[in-house]
Amino acid sequence: MAEGEQKITVVRLARTLRLVWRLAPGWNAAALGLALVQSLLPLASLYALKLLVDAVAAAAVTGEAAQFWRPVLPLAVLSAVAALLEAAGRSAAGHVGQSQAQAVGDAVADRIHRAVAGLGLASFERPDTHDALHRAQREAPQRAAALSGDLVALLRSALSLAAVAALLAGQAWWAALALFIAAVPAVGIKLGFARRFHAWERRQTVRERQSWYHHWMLTDPGHAAEVILFGLNPMLARRYRRLRLALRLGRLKLFTRRWAGEIAVLSLSLAAVYGSLALMAHQAVTGAATLGSLVLLFQALQRGGGYLQDALAGLAGIYEHGLFAAALPELLDLAERGGAAVRATAVPSRGIIRLEGIGFQYPSGGRWALRGIDLELRPGEILALTGPNGSGKTTLVKLLCRLYEPSEGRITAGGADLRDSDPAAWRGRVSAMFQDHVRFNMTAGRNIAISSPERGFDDAAIRRAAEAAQADRIISALPQQYRTVLGHWFARGHDLSRGQWQRLALARALFRPADLLVLDEPTSGMDAESAAAVLETLGTLLKGRTAVIVSHQPAALRLAGMIFVLDGGRIAERGSHESLSAAGGRYAALLRRPGCR
């Protein structure tokens, strides 16, 4: 690894460790406290065992059976108490560790949710955002939880190992030295593998996402109709298996190399341990050491080897899990950069909304979705956008909602540039129904009320919005009416037709108090009778309200005082329904298309 990359890795690890500690400080502190206690218990247990063996050996040599219990019994009780405390510590550590892992995992998920909220809609047009989000979702929660556990395990093992080494130093310093020398290659192997494995996993992010996408297409109800009709299951499943096989083989190759290295290191470690035992056994036979010292050495080397392996595993785990958990700070940085350009705090102005020289280009580049857009919307006016598919209508309304920021030009309200105001505050004054509206698998009432969470479940307001959207009859026919769960995700759920879902989406938009109402194809999925009824109601509801309607339907366009015809991302025509119809241009041609009414 290059020096620059090493520095970046160390910085990321340090930042990730600080972040993980802050996610669950209480549980982390409790786990560290227990680790400290657990690290001291083996020392007392081992030394008590040595004294016990020496006492038994002395009694056996002197043959004073009557005096046997006087020194042995207290030592036996001490050994039993130490063993009991060790067992209790392990049990308590297991409970704390599980709670710590759950708290850290939940806190990481919360950070991911907050980061996604700060990304902005345009960020989701970038593949690198999806890569970063995939890594954070897949790796960060469990890796951060494992990282916190490894930190505690490393501290516990290192302290226990230091205690055992101190005990060995007084008996056979060369045994402790041999144990540590044998551990040096193991550190290199574990850290080297962790680095290579992390680099390999990052390179496989796209392949992982592709395999997940094929799995999603095979299992998602939204794809079921076409997957079944076109017989896509075998082809999609075959591609999924091919992708997963390549990933498995790649991991297997890495794990095989690690296994070979670890076997070689283990052989060296065992040679050091059993060589030390043989030497101590020779000293015991020659009288240079006591039998208790031999037992102490055996137990210390056995436990010390275990603590050393645990410490090395913890160190490698911290390094590996830290590299993977760094996906969270990476996502947070992405959200930070995405929100840096719109971190204004001023309250947005009210008044005339103007779009001045607006252009928009998606982050992926390519052609301009909008260019040279100039229009204004006065309070209480209704403006309509129409034009062929792909002409930029939906992009334009998303700019009005500040889901996107213009690539060029500016949007003003009351003469103030919206870029100087808080985007969340502006969105709070806008309500919208998008053509690709969400179908929430919640109750019918919650599907409407969710557009304004601060209002709570206001039954009267929910019913008024449902009546305005011609959705009240649909909801009244459901088993529990407004308390009926919709969709198929949960038990006793009831699905609706496309047009019925659309009416709920319209009710949701109308429920939210707003200065600006945006309706993107409000009747496209409805039958002619329902659409006519909804538009008649809208005509009354929208009087005196500032609204933007996107539609191809003349009945909807007639509600607007001014109609803008978009074509190729530019305004091709503007005027009233009557003037544009009489002009015989693009608008008139659109009205002559089949399906317009």
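The values are calculated or read from the model by the stated rules, or taken from the named source; none is laboratory data. What you see is a predicted model; the values in this text were computed from it and never measured. Virtual Cβ from ideal backbone geometry, glycine too; neighbours counted across all protein chains shown. In case anyone asks, the SASA skips ligands and DNA or RNA and just uses the protein heavy atoms, side chains included. Shrake-Rupley method; radii C 1.70, N 1.55, O 1.52, S 1.80 Å.
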Practice task
Could you grab the pairs with beta carbons closer than 6 Å, sequence gap of 6+ or different chains, first residue in the stretch 342-362 and within 22 Å of Gly120 (Cα to Cα) and of a type outside the set (S, T, N, Q), second one part of a loop (DSSP other than H, G, I, E, B) and modelled with pLDDT under 95?
Solution key: Ala344/Asp422; Ile358/Pro406; Gly359/Trp368; Gly359/Ser407; Phe360/Ala369; Phe360/Pro406; Phe360/Ser407
Exercise for the section: Please list, ordered by first then second residue, the pairs with beta carbon atoms under 9 Å, 6 or more apart or interchain, first in the stretch 198-211 and under 17 Å from Ala325 (Cβ atoms) and surrounded by 14 or more Cβ atoms within 10 Å (Cβ to Cβ), second modelled with pLDDT of 85 or more and among the acidic types (Asp, Glu). Expected result: Glu201/Glu208
Practice task
Return the only residue of Ala225, Ala199 being of a type in the set (A, V, I, L, M), under 18 Å from Thr256 (Cβ atoms) and out of contact with any Lys or Arg (no Cβ under 8 Å at 6 or more places or on another chain).
Solution key: Ala199
Problem - the stretch 472-494 - residue that is modelled with pLDDT under 90 and of a type in the set (Gly, Ala, Ser) and, of those, most open to solvent (accessible area, probe 1.4 Å) - result: Ala491
Exercise for the section: Might you let me know whether the stretch 155-173 holds any residue that is within 30 Å of Ala103 (Cβ to Cβ) and modelled with pLDDT of 85 or more? Expected result: no
Problem - Matching option when the condition is over 23 Å from Leu580 (Cβ atoms) and of a type in the set (D, E, K, R), among Glu381, Glu408, Glu376 - result: Glu408
Practice task
Could you look through the stretch 213-255, keep only residues that are at pLDDT below 85 and aromatic (Phe, Trp, Tyr), and pick out the one that is nearest to the chain's Cα centre (by Cα)?
Solution key: Trp216
Practice task
Filter the stretch 90-140 down to residues that are of a type in the set (Gly, Ala, Ser) and over 26 Å from Arg427 (Cβ atoms), then give me how many there are.
Solution key: 11
Problem - Listing of helices (runs of 4 or more DSSP H) fully contained in the stretch 364-456 that carry 1 or more residues being out of contact with any Gly (no Cβ under 7 Å at 6 or more places or on another chain) and farther than 30 Å from Ala477 by Cβ - result: 393-400, 423-427
Practice task
Consider only pairs whose beta carbons are under 8 Å apart and that are at least six residues apart or on different chains; among these, list those whose first residue lies in the stretch 549-560 and is within 17 Å of Leu506 (Cα to Cα) and whose second residue is modelled with pLDDT of 85 or more and among the basic types (Lys, Arg).
Solution key: Val550/Lys393
Fill in the blank from the handout: Within the stretch 450-471, of all residues that are of a type in the set (Gly, Ala, Ser) and within 33 Å of the chain's Cα centre (by Cα), the one surrounded by the fewest Cβ atoms within 10 Å (Cβ to Cβ) is Gly456
Fill in the blank from the handout: Within the stretch 487-506, residues touching a residue at least 60 places away in the same chain (Cβ under 8 Å) and either over 19 Å from Gly539 (Cβ atoms) or of a type in the set (A, V, I, L, M) (or both) come out as His488, Trp501, Leu504, Ala505, Leu506
Exercise for the section: Take the stretch 108-135 and flag every residue that is within 30 Å of Val397 (Cβ to Cβ), of a type in the set (A, V, I, L, M, F, W, C) and open to solvent by 20 Å² or more (accessible area, probe 1.4 Å). Expected result: Val116, Ala117, Leu121, Ala122, Phe124, Leu133
Practice task
Determine whether the stretch 87-107 contains at least one residue that is among the hydrophobic types (A, V, I, L, M, F, W, C), open to solvent by less than 60 Å² (accessible area, probe 1.4 Å), more than 30 Å from Trp212 (Cα to Cα) and more than 32 Å from the chain's Cα centre (by Cα).
Solution key: yes
Completion exercise
Residue count, the stretch 360-383, condition under 14 Å from Asp567 (Cα atoms) and not charged (D, E, K, R), comes to 5
